[in-house]
Amino acid sequence: IHVISYCLTHSVCLFSCHKLQESLLSSNSGYSNYRGVLNWCVVMLVLSNARLVLENLIKYGVLVDPIQIISLFLKDPYSWPALCLIIVSNVFIMAALYIERKLSVGSISEGTGTFLHCINLAALLFVPAGTVLILTSITPVGGVLALSVFTILFLKLYSYRDVNKWCREIRHAKARTLSRSHSCPSVHKANGTTGYTHVIYPANLTHRDIYYFIFVPTLCYELNFPRSPRIRKRFLLRRLLEMVRDSRNSRLQFVPNHFIWLIFFYWYFHSSMNFVAELMQFGDREFYRDWWNSETIPYFWSNWNIPVHKWCLRHFYKPMLVKGVNKLGAQLAVFFLSAFFHEYLVSVPLKMFRLWAFLGMMAQIPLAYFVGRFLRGNYGNAAVWMSLIIGQPIAVLMYVHDYYVLHYESAAESTAA
């Protein structure tokens, strides 16, 4: 009887199957595991393009044979001017290394070293640009590839020069302190648990060190990079498969420009950079942050490309603040520098100067003010996405239109005449 009475009294509790809770897709639920949705997107992307890839293979076969490309290049290397130009970039790398070696032993003064570095860095921008503009055999794609490599080298060697200069300044400051205290500098020590030797200046001025820096996915030089303990072969294989898959998807003509950009982002900043980092055992894998959640324009630009953001912050923005430039002026200078390189990488390979990329970047300044001043939360995030979805295709269409008018309509008119 006691049990029956208890059950009748607490029947609601015994047979209740409901509780106060939110749906998983509600923002208040706190749920964040959407891996299955991401896998669904990948599966749908692969399945939607598998038929087209299969039809192309059946109809055209394998159009690109790597062995034939290598043999053709070895037989006639001058028919690949962009690749030859990239190989020549080693001259500028060696110039930076030997200038630093001379500076480390005091063979040349700081003023002379700065002058030589300026010549080397200026040549990194003007020599490839002049070559691309003069040689008609360099295609726009080859020009973009070559100038991208030289732009990356420019940023890397600028950082290489800065960091070694800072090391010399620290060494001179320590030397003055040591001469007064009659103490000795510390010896080499282990770098964490990975077994790599801790390097101190000027022992870093070697071919191995500078070429490691050239190939790792970062623009900011350090004497001792964080290193991973081993190469994970399965991780490396996954990134390689993603690179191959995404590069095929990016060639599909029916994919809108915005989707191509998203595919490029994943292919380059996640798959490719992680592949290279794993291969080089480079430990810092923060190549991007959650730019897709950006509620302001500055947040997007400081989080979607972390290597460039770190370089701008370390070698351009903070030095300007130290020299007395206010924050607004330094921020405007960073946008101006970014606008210059965007235009440099588009106008020179296309051999036409329209300033659409430059103006598009500079237009981010009033847009950033408007979004930050009048929009918040989801509205700000929607505005950022709209600028990406609409802004980039418009700039691309402007260049495509002008390139077509310049190269095809003029040719057709001359043929008709």
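Of the numbered conditions (1) open to solvent by 50 Å² or more (accessible area, probe 1.4 Å); (2) under 27 Å from H315 (Cβ atoms), H407 fails exactly one; give the number of that condition.
Every listed condition holds for H407 apart from (2).
Can you name the residue in the range 275-290 that is open to solvent by 10 Å² or more (accessible area, probe 1.4 Å) and touching a Lys or Arg at 6+ places or on another chain (Cβ under 7 Å) and is also farthest from R232 (Cα to Cα) among such residues?
Here the answer is G283.
Taking the criterion of being closer than 30 Å to D209 by Cα, in a helix (DSSP H, G or I) and either in contact with a His (Cβ under 6 Å, 6 or more places away or on another chain) or at pLDDT 80 or above (or both), would at least one residue in the range 65-81 satisfy it?
Within the range 65-81 (the criterion being closer than 30 Å to D209 by Cα, in a helix (DSSP H, G or I) and either in contact with a His (Cβ under 6 Å, 6 or more places away or on another chain) or at pLDDT 80 or above (or both)), the answer is yes, since at least one residue qualifies.
Specify which of the listed residues (R239, R248) is open to solvent by 70 Å² or more (accessible area, probe 1.4 Å) and modelled with pLDDT under 90.
After applying the criteria, what remains is R248.
Looking at (1) open to solvent by less than 30 Å² (accessible area, probe 1.4 Å); (2) closer than 30 Å to A82 by Cα; (3) touching a residue at least 60 places away in the same chain (Cβ under 8 Å), which is the only condition Q392 fails?
(1)
Select from the range 195-244 the residues that are in contact with a His (Cβ under 8 Å, 6 or more places away or on another chain) and within 15 Å of K156 (Cα to Cα) and list them in ascending order.
The one that is in contact with a His (Cβ under 8 Å, 6 or more places away or on another chain) and within 15 Å of K156 (Cα to Cα): C220.
Residue check, H172 against (1) surrounded by 16 or more Cβ atoms within 10 Å (Cβ to Cβ); (2) assigned to a helix (DSSP H, G or I), all met but one. Which one?
Condition not satisfied by H172: (1).
Of all residues in the range 291-315 being polar (S, T, N, Q) and open to solvent by less than 60 Å² (accessible area, probe 1.4 Å), which is nearest to the chain's Cα centre (by Cα)?
The extreme case among them is N305.
Which of the following residues is at pLDDT below 95, in contact with a helix residue (DSSP H, G or I) (Cβ under 7 Å, 6 or more places away or on another chain) and not in a helix (DSSP H, G or I): I108, I86?
Among I108, I86, only I108 is at pLDDT below 95, in contact with a helix residue (DSSP H, G or I) (Cβ under 7 Å, 6 or more places away or on another chain) and not in a helix (DSSP H, G or I).
Look at K351 and say whether it is out of contact with any Cys (no Cβ under 8 Å at 6 or more places or on another chain) and under 21 Å from L125 (Cα atoms).
When the stated conditions are applied, K351 passes them.
Quick check on this structure: which one of S148, S159 is closer than 26 Å to I306 by Cα, modelled with pLDDT of 90 or more and open to solvent by less than 20 Å² (accessible area, probe 1.4 Å)?
One residue alone meets the criteria, S159.
How many residues, within the range 95-113, are closer than 19 Å to K156 by Cα and free of Cβ contacts under 8 Å to residues at least 12 places away in the same chain?
1
The values are calculated or read from the model by the stated rules, or taken from the named source; none is laboratory data. Treat the numbers as computed from the prediction; the structure is a model and nothing was measured. Every residue, glycine as well, gets a Cβ built from its backbone with ideal geometry; the counts of neighbours run over all protein chains shown. When the accessible area is computed, the model is the full protein with side chains, heavy atoms only, and any ligands, DNA or RNA have been set aside. Shrake-Rupley method; radii C 1.70, N 1.55, O 1.52, S 1.80 Å.
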